[in-house]
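Engineer: Structure below; questions to follow.
What follows is calculated from the coordinates using simple rules that are stated; it is not laboratory data. What you are looking at is a predicted structure, and each value in this text was computed from that prediction instead of being measured. Positions of Cβ are backbone-derived with ideal geometry, glycine not excepted, and every protein chain shown enters the neighbour counts.
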Amino acid sequence: MALSSTALVTLIQAKAHLRVDVVVSLHVSAEYIGKGDGEDTTFDLDHTPIAGSLKLYVNNVLQVEDTDFSLATATITFTVAPALNHGITADYDYAAADDTFESYDDELLENLINAATKKAEDYTGRAFIQRTVTEQRLGDGTKVMRLYKRPISSFTSVTRYYNDRVGTGDASTVEFTLDNTPLGAITLYVDGVEQILTTDYTISGATITFDSAPGDDTMISANYRIRLSDYLEQLSIGRLTREATWALDYMYEIIYTAGYAATRAATQALVPDAVAAVLMMVAYLYENRTDLLKGEVVAELGSVTYDIPSQAKELLAPLKVSFL
């Protein structure tokens, strides 16, 4: 899993917080290069050492670079050929490649950043980096619908799933009119049997035309979404209100844009406490090697659930949304 576009911090920021080297090196200890024959002066290492990290030994005696040998990429050239049967070994660091443990470690950190960001958002009821949010909510019979994410910058649409009793077949009528013009696709039934668009019927606006007239006394019904406009947007507190109620047990779909800013850098400037809290959670998870804020069973301790550290909760407390 790569770092999410809505993750609040970057991999480099997390590594800096953890004091993990951004350009990580791997260490080679006592690599056997060969043994002297009194003639050969050049020998090759398995990897290219990071500058200043190479320690070269001949017969367990440390050699001095530029005096006893020179190094070009991964090739060692001795000033004087090592003596017969003298073993040559090397200790050094080299840059980690993509297929090393470090690449796995990066993936782990990215997953932890994603998880910590989500945990912080869920805890506060916020969206940090702006994105489109789609909520499907059952109406509860009240006039106020409280949305899950803030701050909200704009609403795209509010729609409702509508159950339409279209009419009754009479074995001759092929054209029927829906109560509303559907938003998007519809699901059409004749006596509970789903009809297939273009095979069994066509639709234009709110008009259904069957290829063959539904039989006498058959019940025709349809499910589809309709767009609502009779509501008041309260962006600052994340609410939608209606004079009519949000009808009990009707399914509504709300699409809106939530978040502080469109970019990570701009968002970080607006919610520095959230940045600190996410970094704190990443460090907590990384040090404990917990798996994406889940619980686990620990020997002799039983079940343990990993929650947001108390210091992170203190940082996030001012951002926490009240749904009262």
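Engineer: Which length gain, in nm to one decimal place, applies between Thr263 and Thr10 when the Cα-Cα distance is subtracted from 0.36 nm times their residue separation? Walk me through the intermediate numbers first.
Structural biologist: Working: separation 253, 0.36 × 253 = 91.08 nm, distance 1.19 nm.
Length difference between fully extended and current span is 89.9 nm.
Engineer: Of Leu147, Leu228, Leu84, which has the largest mean-square fluctuation in a 10 Å C-alpha GNM of the chain?
Structural biologist: Checking each option, the largest mean-square fluctuation is seen for Leu84.
Engineer: For the range 25-95, calculate the relative contact order in percent as a whole number, restricting contacts to Cα pairs under 8 Å that are 6 or more residues apart.
Structural biologist: Details: 153 pairs, mean separation 38.7, N = 71.
Normalised by residue count, the contact order of the range 25-95 is 54 percent.
Engineer: Under a point spin-label approximation (7 Å from Cα along Cα-to-Cβ), what is the Thr187-Asp216 distance to one decimal in nm?
Structural biologist: Distance between the two pseudo-spin positions: 3.1 nm.
Engineer: With a 10 Å radius around each residue's Cβ, average the other Cβ atoms per peptide and rank 198-206, 122-130, highest first.
Structural biologist: 122-130, 198-206
Engineer: Counting only pairs 8 or more residues apart or on different chains, how many lysine pairs in the chain have their Cα atoms under 14 Å apart?
Structural biologist: Total qualifying Lys-Lys pairs in the chain comes to 9.
Engineer: Sort 308-318, 26-36 by the packing proxy (mean of other Cβ within 10 Å over each peptide's residues), most packed first. If you can, show how the numbers build up before the last one.
Structural biologist: Numbers: 308-318: 16.0, 26-36: 14.0.
By packing density, highest mean first, the sequence is 308-318, 26-36.
Engineer: Given [x] 19.2; [y] 17.6; [z] 29.1, which label gives mean projected area of the Cα convex hull in nm² as computed from the coordinates?
Structural biologist: Only one listed value fits the structure, namely [z].
Engineer: Okay, next question. If a helix is a whole DSSP H run, which ones in the chain reach 20 Å or further along their own axis (Cα) and hold a mean Kyte-Doolittle hydropathy of at least -1.0?
Structural biologist: In the chain, the long hydrophobic H runs are 101-124, 272-288.
Engineer: If you don't mind, another one. Identify, among Thr67, Gly52, Leu84, the residue whose Cα sits farthest towards the positive end of the charge dipole of the range 46-99, taking +1 on the Cβ of Lys and Arg and -1 on the Cβ of Asp and Glu, with the dipole about the Cα centre.
Structural biologist: Leu84
Engineer: I need to check one value: relative contact order of the chain, counting alpha carbon pairs closer than 8 Å and at least 6 residues apart, in percent.
Structural biologist: For the chain, the relative contact order is 22 percent.
Engineer: Hey, got the dipole for the chain? About the Cα centre, +1 on K and R Cβ, -1 on D and E Cβ, debye to the nearest 20?
Structural biologist: Roughly 1900 debye, rounded to the nearest 20.
Engineer: How do the peptides 113-119, 68-74 rank, highest first, by the average count of neighbouring beta carbon atoms within 10 Å per residue?
Structural biologist: With the highest mean Cβ count within 10 Å placed first, the list reads 113-119, 68-74.
Engineer: In what order do Glu287, Glu110 fall by count of nearby beta-carbon atoms within 10 Å, going from fewest to most?
Structural biologist: Arranged by neighbour count, lowest to highest, Glu287, Glu110 become Glu287, Glu110.
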